[in-house]
Amino acid sequence: MPSVHLGVGLLATLAAGGAIVLLGYCVYVDWRQHRDPTFLRRRLQDKRRAGQPKAQAPARQSWDPVKKKKLQEFFLQEVQMGKLCLARGEHGMAFEHLTNALLVCGQPKELLMFFKKTLPPEVFQMLLYKIPLICQQLEADMHEQEVPEG
């Protein structure tokens with residue numbers, strides 16, 4: 001019989017210890033929540049973000065093929081218009097078309113390497129100079145769209 005009492009006592013001690021640990025964790029979470037009201041929300045968002053890339057990978061592949069085709073047509077049109085404007089000597093319009101092609105290109109580094117090989121050096125340098133200006137303009141435009149009016 002003493003071993004039964006010892007087993008029951010050990011079981012009761014373990015249960016009490018588990019209850020104390022659980023109570024301590026609840027007090028800690030409550031304390032953190034009062035200290036930082038966004039604590040739990042941020043933890044949940046972090047967990048969701050950690051699991052999201054796996055779920056979003058197939059979504060990227062299932063992109064609308066009609067939009068993809070239109071984007072490719074626009075890209076080819078802009079490259080052709082840029083070359084045509086360069087042949088006419090209209091460098092300003094050529095830069096506009098070539099930078100539009102760069103913006104919608106899926107692989108801009110490869111396109112820049114192609115431009116480096118095919119465009120005259122001074123034209124390519126001017127295009128490289130214009131890229132940061134366009135990026136700044138895009139960032140400014142996106143920031144204006146994010147800020148709600150009123």
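Some observations on this one:
- Scanning the stretch 71-97 for residues that are buried (at least 17 other Cβ atoms within 10 Å of the Cβ) and modelled with pLDDT of 85 or more returns Phe75, Glu78, Val79, Met81, Gly82, Cys85, Leu86, His97.
- Scanning the stretch 19-42 for residues that are within 31 Å of the chain's Cα centre (by Cα) and of a type in the set (Asp, Glu) yields one hit, Asp36.
- Close Cβ contacts (under 7 Å, 6 or more residues apart or on different chains) running from residues in the stretch 78-89 that are farther than 11 Å from Val123 by Cβ to residues that are among the small types (Gly, Ala, Ser) comprise Glu78/Ala101; Val79/Ala101.
Each row is one residue, and each column tells you yes or no for (1) open to solvent by 90 Å² or more (accessible area, probe 1.4 Å); (2) hydrophobic (A, V, I, L, M, F, W, C); (3) part of a helix (DSSP H, G or I); (4) modelled with pLDDT of 80 or more.
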| residue | (1), (2), (3), (4) |
| --- | --- |
| Ser3 | no, no, yes, no |
| Leu6 | yes, yes, yes, no |
| Ala19 | no, yes, yes, yes |
| Cys26 | no, yes, yes, yes |
| Gln33 | no, no, yes, no |
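The values are calculated or read from the model by the stated rules, or taken from the named source; none is laboratory data. Keep in mind that what you see is a predicted model, and the values were worked out from it rather than measured. Cβ coordinates were reconstructed from backbone atoms using ideal geometry, including for glycine residues, and neighbour counts include every protein chain displayed. Note: accessible area is taken over every heavy atom of the protein model, side chains too, but ligands, DNA and RNA are not part of it. Shrake-Rupley method; radii C 1.70, N 1.55, O 1.52, S 1.80 Å.
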